[in-house]
Amino acid sequence: MSESASARPVVFCFAGQGAQYFRMAADLYEQEPVFRDWMRIGDALLRDRFGYSLIAEIYGPDRRIGDPFDRLAVSHPALFLVQYAVARAVMQRGLRPDLLLGVSLGEFVAMSVAGMLPFEEALLHVADQPARFEASCAPGGMVAALAPPALWREEPELAQNSEIAGISSDGHFVLSAPAGALETIEATLRARSVAFQRLPVGFAFHSRWIDPAAEACRAASAGLRLAAPFWPCWSSCLGGPLDPANLPPDFLWRIVRDPMDLRGCFTVLEKRGWEERGGARYVDLSPSGTLAALARQNKAASSASQTLALLSPFGGNMKRLEGVGKTV
């Protein structure tokens, strides 16, 4: 890597629900020993606690990429473990983050990679969450829309039946709603010729409709203590960096309850004076590569920052990982 490129601040990005699919990073599991080792370590922890193999759930011979991966009890720990294992494989090749950015569930991954939460505690906490929502919350869902967030206020059907769960960019936002309102929301977006996608989740995260789980979630996280991070760790919930000494006591609940402000995070990060260092390198470690696309949407036209999506449902992951190692 050239001197100017090596000086670029590296931002590891981790996503939440909606980024998952069966067989994600399958080539890494087959060919990359560090990734495979971490997947097996996590799999053993989950088998001991829950009695099932996450590896078999993700990579079983009957699994197809296009099949719905919407069973929360499995997709939740799967998203955590795959992204954590990818981060460890990337770091093994010499690429270290200068900053970590998490979105929703991805915040737990970022905190764990940054050393704020031990791996075992973070994984099991994430894996325990689905049972709390299933025990107390009515079914719901989330819909991502390719439109300005102002559309939510302009359309009464959207404002009356949903909440904004997150703003990703000036042209992308996410809605949460009860299950019975999802078809109305989608019909409204369709009538406005807005492209949208229903996410493979069964609850209206980041909205008032998961409030019945608040007490149980707060109680479950009360014993967890966050350490100072090895690298700055940014939260899309707070829209900025995490300081363990000044976080609200129920912050881990707030990660799944409060709206996601990814647009705000990228906006502030792009104003950190990184242009003098050739811009930042946003390394998307999510399974879908969506965060790289959103980083590009949030960059100014004059920004020199670069984006890299390491994983893709279309394969080629091992080649991209090897490329990271060669450019360090």
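So here's what we get for this one:
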| read-out | value |
| --- | --- |
| Top-ranked residue of region 225-282 - restricted to ones that are in a helix (DSSP H, G or I), at pLDDT below 90 and in contact with a Lys or Arg (Cβ under 8 Å, 6 or more places away or on another chain), ranked as surrounded by the fewest Cβ atoms within 10 Å (Cβ to Cβ) | Arg277 |
| Inter-residue pairs, beta-carbon under 8 Å, first within 18 Å of Ala292 (Cβ to Cβ) and touching a residue at least 60 places away in the same chain (Cβ under 8 Å) and in region 266-279, second crowded, with 16+ Cβ neighbours inside 10 Å and among the aliphatic types (A, V, I, L, M), 6+ apart | Phe266/Leu294; Phe266/Ala295; Leu269/Val11; Leu269/Leu99; Leu269/Leu101; Leu269/Ala280; Trp274/Ala280 |
| Residues within region 9-33 that are under 21 Å from the mean Cα position of the chain (by Cα), under 14 Å from Val90 (Cα atoms) and not hydroxyl-bearing (Ser, Thr, Tyr), tallied | 7 |
| Qualifying helices (runs of 4 or more DSSP H) (wholly inside region 12-127; at least 1 residues being among the basic types (Lys, Arg)) | 33-50, 72-92 |
| Selection within region 148-170 - assigned to a strand (DSSP E or B) and farther than 22 Å from Ile210 by Cα | Ser169 |
| Of all residues making up region 160-180, the number that are in contact with a helix residue (DSSP H, G or I) (Cβ under 6 Å, 6 or more places away or on another chain), surrounded by fewer than 21 Cβ atoms within 10 Å (Cβ to Cβ) and small (Gly, Ala, Ser) | 1 |
| Subset of region 287-312 that is out of contact with any strand residue (DSSP E or B) (no Cβ under 6 Å at 6 or more places or on another chain) and among the polar types (S, T, N, Q) - its residue that is surrounded by the fewest Cβ atoms within 10 Å (Cβ to Cβ) | Ser302 |
| Lone qualifier among Ala44, Ala131, Ala110, Ala89 - being under 17 Å from the mean Cα position of the chain (by Cα) and not aromatic (Phe, Trp, Tyr) | Ala110 |
| Filter result (among the hydrophobic types (A, V, I, L, M, F, W, C) and in contact with a Pro (Cβ under 8 Å, 6 or more places away or on another chain)) within region 92-103 | Leu99, Leu100 |
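The values are calculated or read from the model by the stated rules, or taken from the named source; none is laboratory data. This one's a predicted model, so the numbers in the text were calculated from it and none came from an experiment. Positions of Cβ are backbone-derived with ideal geometry, glycine not excepted, and every protein chain shown enters the neighbour counts.
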